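Notes follow the structure.
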Amino acid sequence: MAARFVHSSCLSRSPAMVFLLAFLFAALLSVRADDPEVTVTRLQNLPNRLFYFDDTPVILMHDPVTLDVLRSEDEGKSWQPITGVEMAIRLVSHPHNNEMAFII
C-alpha cells in the first residue's frame, strides 16, 4: 500500500478556503429574504384603474360606481376616500410626470 503525501501548497490554502467558504455561507444567510406579506382588502366596487406613483407606496383608484377616488398610503393594504372632492368622473395620470394625477 502506497503512502499518500499532501503537497505543502495545499496545506497553506486550506485555512483560506475554510475562511472563504464560511464568508460565502454567512453572506448567503444575511441575504435571505423574509416571506412576503399578503393582505386581502375587499373593495365595494372594482376600480377602473390603479395609479401607482414612482418611488412611493401611494396608490390612487377611481371607483366608477360611487364616483369616489380612494387613496392608499400603504401599497393597497388600506384605502381612504380623498376628501374635498364631491364627484370624480375620471382619474387621469399626467402624461409626462408619474408623480401627478388629475381628478376630473
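Report the residue count in region 55-92 for those that are exposed (fewer than 12 other Cβ atoms within 10 Å of the Cβ), small (Gly, Ala, Ser) and either closer than 15 Å to Asn45 by Cβ or touching a Phe, Trp or Tyr at 6+ places or on another chain (Cβ under 6 Å) (or both).
Residues in region 55-92 being exposed (fewer than 12 other Cβ atoms within 10 Å of the Cβ), small (Gly, Ala, Ser) and either closer than 15 Å to Asn45 by Cβ or touching a Phe, Trp or Tyr at 6+ places or on another chain (Cβ under 6 Å) (or both): 0 in total.
Within region 40-93, restricting attention to residues that are of a type in the set (A, V, I, L, M, F, W, C) and more than 25 Å from the chain's Cα centre (by Cα), which residue is farthest from Ile104 (Cα to Cα)?
Checking each candidate, the answer is Val65.
Against the conditions (1) surrounded by 10 or more Cβ atoms within 10 Å (Cβ to Cβ); (2) within 19 Å of the chain's Cα centre (by Cα), where does Glu37 fall short? Just the number, please.
Looking at each condition in turn, Glu37 falls short on (1).
Read-outs throughout are calculated quantities, based only on the coordinates presented, and are distinct from any laboratory measurement. From a predicted model like this one, the values you see are computed outputs, not experimental measurements. Note: ideal-geometry Cβ built from the backbone for every residue, glycine included; neighbour counts use all protein chains shown.
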